[in-house]
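The values are calculated or read from the model by the stated rules, or taken from the named source; none is laboratory data. Note that the structure is a prediction, hence the values are computed from the model and not measured. No Cβ is skipped: glycine too gets one built from the backbone with ideal geometry, and neighbour counts run over all protein chains shown.
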Amino acid sequence: MLRNELEDYTGRLLEIDRFRDYCPNGLQVEGKIEIGKIATGVTASLAFLEKASEAGADAVFVHHGYFWKNEDPRIAGIKKNRIELLLKSGMSLFAYHLPLDAHPELGNNAMLAQRLGFSVASRFADQGIGMLGNTIDAVTALELADRIGNRLGRDAFVVGNISRQVKKIAWCSGAAQGYLLEAARLGADAYLSGEISEQTVHEANESGIAYICAGHYATERYGIRALGEHLAKTFGLIHTHIDTNNPI
């Protein structure tokens, strides 16, 4: 199919125009006009791009692309190497950040709910990217962290009230630990995200909520894959998902 048709469809699907974001969403590096094979991954790292090129992808779709606010705008060093590979291979780069976090069916947080067995009751956090709901059964925060780690394939750890019974839970993928106090105000027993800061420990201890840190990459690997599978099914494209695992 034509690149611009794929771009238009995905932009409308993820409603990219309604988000205030830290990077441009959609086409970031223009490649081939005709697209028959796509590759998806969490981050447009050099390792990911090399594997996508070897797989014969015409376009790549990622959650973490380029051109972030306040970054050095020069095309040099790491950025030069990545963009050079894209231009030489003819692959287009599509990136979707907050819109992919927020999508109610294909998004990172929706896919986390599906994988972890959470029901979704409402949205919270900036621009509604986070979710609030319930666990399948009431377990302690420590038990829930073990369960999450098993299902995401990465050890999760918990701080704060680790013995608290968790039924109501809030979650937001990636580096969203800053929403912990908002989750506590909404009455959540635990809050799940991907990273942790020094202050997060104190906020969890003093608010009484449990905080579960499950890994930035681990909490954001499922949305982009779901998007690729959806596009492949909708348009008859060949799709390959490339998992360049990251322990963070």
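Numbers for the structure displayed
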{"item": "Qualifying residue in region 15-28 (condition: farther than 23 Å from D243 by Cα, acidic (D, E) and at pLDDT below 95)", "result": "no"}
{"item": "Residues satisfying the stated conditions in region 170-206, i.e. touching a Ser or Thr at 6+ places or on another chain (Cβ under 8 Å) and either more than 23 Å from I224 (Cβ to Cβ) or of a type in the set (D, E) (or both)", "result": "L180, L181, A184"}
{"item": "Unique match (being of a type in the set (A, V, I, L, M), touching a strand residue (DSSP E or B) at 6+ places or on another chain (Cβ under 7 Å) and assigned to a strand (DSSP E or B)) among L231, L180, L227, L192", "result": "L192"}
{"item": "Hits in region 42-54 (condition: of a type outside the set (F, W, Y), buried (at least 16 other Cβ atoms within 10 Å of the Cβ), touching a residue at least 40 places away in the same chain (Cβ under 8 Å) and out of contact with any Asp or Glu (no Cβ under 7 Å at 6 or more places or on another chain))", "result": "T43, A44, S45, L49, K51, A52"}
{"item": "Within region 202-236, considering residues that are surrounded by fewer than 18 Cβ atoms within 10 Å (Cβ to Cβ) and hydrophobic (A, V, I, L, M, F, W, C), the one nearest to the chain's Cα centre (by Cα)", "result": "A232"}
{"item": "Residue ranges of helices (runs of 4 or more DSSP H) in region 47-118 with at least 3 members within 18 Å of the chain's Cα centre (by Cα) and within 18 Å of Y217 (Cα to Cα)", "result": "98-102, 108-116"}
{"item": "Enumeration of residues in region 55-71 that are exposed (fewer than 13 other Cβ atoms within 10 Å of the Cβ) and either in contact with a Leu (Cβ under 9 Å, 6 or more places away or on another chain) or at pLDDT below 95 (or both)", "result": "N70, E71"}
